[in-house]
Amino acid sequence: MLFDTAKISVDIVENDCLIRKNISVSVLRLDKIHPVASGNKLFKLHYFLQDALASSQQGLVTFGGAYSNHLLATAFACTAAGLKSIGLVRGEKPDKLSPTLQACIQYGMKLHFLSRAEYSNRQADNSMNQFQEEWKNFTLVPEGGYHAKGAAGAALITQLIEEDTTHICTALGTATTLAGLMKGAKKKQQIVGVPVLKGMTDIDKRIAYLTGTPNTATLLNDYHFGGYAKKTPALLHFMNTFYEENNIPTDFVYTAKMMFAVLDSVEKNVFPEGSKIVCLHTGGLQGNSSLRAGTLIF
Ligand SMILES: *Cc1c(COP(=O)(O)O)cnc(C)c1O
């Protein structure tokens, strides 16, 4: 890995319900790799970075919105790898850049703003054909690392997980991390995904595209809390109590929904007695900066 994985810890979650049901839940703290670059994003970028370095490309060019964890992770990862980075940002340039985009610039990323129509055209084309001369020697990374290469990088996460683990859980956006877990896990380990978007109906298709194999993951579908980046008082309350009890901060877009889903499902007997569950803390904590000050206790 190009990153320091020594900081990753495995934190045990404790509550009475888990003891009663003889289930262990722990959190693989990929967020500890870096304070702002999401852990799973760095894994998804692994082979893109490696290939760009091996073929003497100048850097990576990729897509994202104004609050994209993927853009920020790409900016950071490229700097760490000694590569350049270009971010194609969805929407016209605003008067004031989001904290995420400001951080991207700090990590040396060059930003280009595209209208929504142009953005989706370029993304659908998924090639460098229409790109300007100056971007010729850049490797294109699809938004969110949504590519077999991204899934192969995410599969490396399973090397950090103990063999007797029965379930590996992750929040799911593009499903690339989920696909990687499916590829890397031991046969008897069940992969569990928590979609953070409302009404995702194409997950099987996504897994087939990313892995070439059918989807064998279990999905916990009712924990999107209204949709992508939506939140409820119950979710924010959960984040504060979870932090109080376990000293683990979560983000409201991904990891809080995943942890809520897993603990709620334990209570509802979705997991058999004796399960040993590992939840990925994929990071994303920088996204909490969009919440009103005082909302969270951490
Ligand atoms: C992007 C992201 C995810 C979702 O990963 P996918 O591979 O797109 O499904 C989960 N958690 C965090 C913090 C993320 O930034």
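The values are calculated or read from the model by the stated rules, or taken from the named source; none is laboratory data. No experiment lies behind these values; they were computed from the predicted model shown. We place every Cβ from the backbone using ideal geometry, glycine too, and count neighbours over all the protein chains shown. What goes into the accessible areas is simple: the full protein's heavy atoms, side chains included, and nothing from ligands, DNA or RNA. Shrake-Rupley method; radii C 1.70, N 1.55, O 1.52, S 1.80 Å.
Net charge dipole, the chain: roughly 420 debye, given to the nearest 20, about the Cα centre with Cβ charges of +1 for Lys and Arg and -1 for Asp and Glu. I want to make sure I understand the PRE zone here: with the label point 7 angstrom from the Cα of Lys7 toward its beta carbon, which residues in region 46-62 have backbone N atoms less than 19 Å away? Those under the cut-off are 46.
Taking all protein chains into account, the per residue accessible area for the chain stands at 45 Å² (1.4 Å probe).
Couplings for region 259-273, taken from phi via the Karplus curve 6.51 cos²θ - 1.76 cosθ + 1.60 with θ = phi - 60°, read 5, 4, 4, 5, 5, 5, 6, 4, 4, 8, 6, 6, 9, x, 4 Hz in order; Gly and Pro are left as x.
Comparing Cα centroids, region 246-298 and region 162-199 end up 15 angstrom apart. At most 14 other C-beta atoms within 10 Å and a DSSP loop state: those are the exposed GluC sites (Glu not before Pro) I care about. Give me the longest piece of the chain that has none. Result for the longest clean stretch: 164-272. The residues packed around Ala151, meaning those with a beta-carbon under 11 Å from its beta-carbon, carry a net charge of +4 if Lys and Arg are +1 and Asp and Glu are -1.
Rounded to whole numbers, the Karplus 3J(HN,Hα) couplings from phi for region 22-29 are 6, 10, 9, 10, 10, 10, 7, 7 Hz, using 6.51 cos²θ - 1.76 cosθ + 1.60 with θ = phi - 60°, and x at Gly and Pro.
On a 22 Å Cα-Cα criterion, which of the cross-link pairs Lys41/Lys149; Lys32/Lys188; Lys149/Lys183; Lys7/Lys268 come out too long?
Working: Lys41/Lys149 12 Å; Lys32/Lys188 28 Å; Lys149/Lys183 12 Å; Lys7/Lys268 33 Å.
Among Lys41/Lys149; Lys32/Lys188; Lys149/Lys183; Lys7/Lys268, the Cα-Cα distance tops 22 Å for Lys32/Lys188; Lys7/Lys268.
Under 5 Å from the amide H of Leu140 lie the amide H atoms of Val61, each residue being 5 or more positions distant or on a separate chain, with H modelled from the backbone and absent for Pro and chain starts. The aspartates and glutamates within cross-link reach of Lys186, meaning a Cα-to-Cα straight distance under 13 Å and a gap of 8 or more places when in the same chain, are Glu162, Glu163, Asp164. Here the Karplus relation 6.51 cos²θ - 1.76 cosθ + 1.60, evaluated at θ = phi - 60°, turns the backbone of region 48-61 into coupling constants of 5, 5, 4, 5, 4, 5, 5, 9, 6, 6, 6, x, 10, 10 Hz, with x for every Gly and Pro.
Taking Cα pairs under 8 Å and at least six residues apart, what relative contact order does region 40-145 come out at, in percent? Let's see the in-between values first.
Numbers: 173 pairs, mean separation 36.5, N = 106.
About 34 percent, as a whole number.
Charge tally for Val10 (other residues, Cβ to Cβ under 15 Å; Lys, Arg +1; Asp, Glu -1): -2. Of all DSSP beta bridges located in the chain, what percent are antiparallel, nearest 5? Beta bridges within the chain, antiparallel portion: roughly 10 percent. Taking every DSSP helix (H) stretch of at least 4 residues in the chain, weighting each as -39,500 (n - 2.57) and dividing the sum by the residue count yields a mean residue ellipticity at 222 nm of -10500 deg cm²/dmol.
Would you work out the relative contact order for the chain, in percent, from Cα pairs under 8 angstrom that are 6 or more residues apart? Each step should come with its number before you reach the end.
Numbers: 583 pairs, mean separation 65.6, N = 298.
Dividing the mean separation by the residue count of the chain yields 22 percent.
Near Leu219, the amide H atoms lying under 5 Å from its own belong to Gly193; only residues 5 or more places off or on other chains count, and H is placed 1.01 Å from N. For Lys198, the lysines whose Cα falls under 20 Å of its own Cα, not counting residues fewer than eight places away in the same chain, are Lys230, Lys231, Lys257. Comparing Pro233, Pro142, Pro99 in a Gaussian network model of the chain, where Cα atoms under 10 Å apart are tied by springs, the biggest mean-square fluctuation is seen for Pro233. For the chain, the carbon plus sulfur part of the accessible surface works out to 50%, probe radius 1.4 Å. Over all directions, the projected convex hull of the C-alpha atoms in the chain averages 15.2 nm² in area. Taking a ≥ b ≥ c as the square roots of the Cα gyration tensor eigenvalues, region 40-145 comes out oblate, since a/c reaches at least 1.5 and a/b does not exceed b/c.
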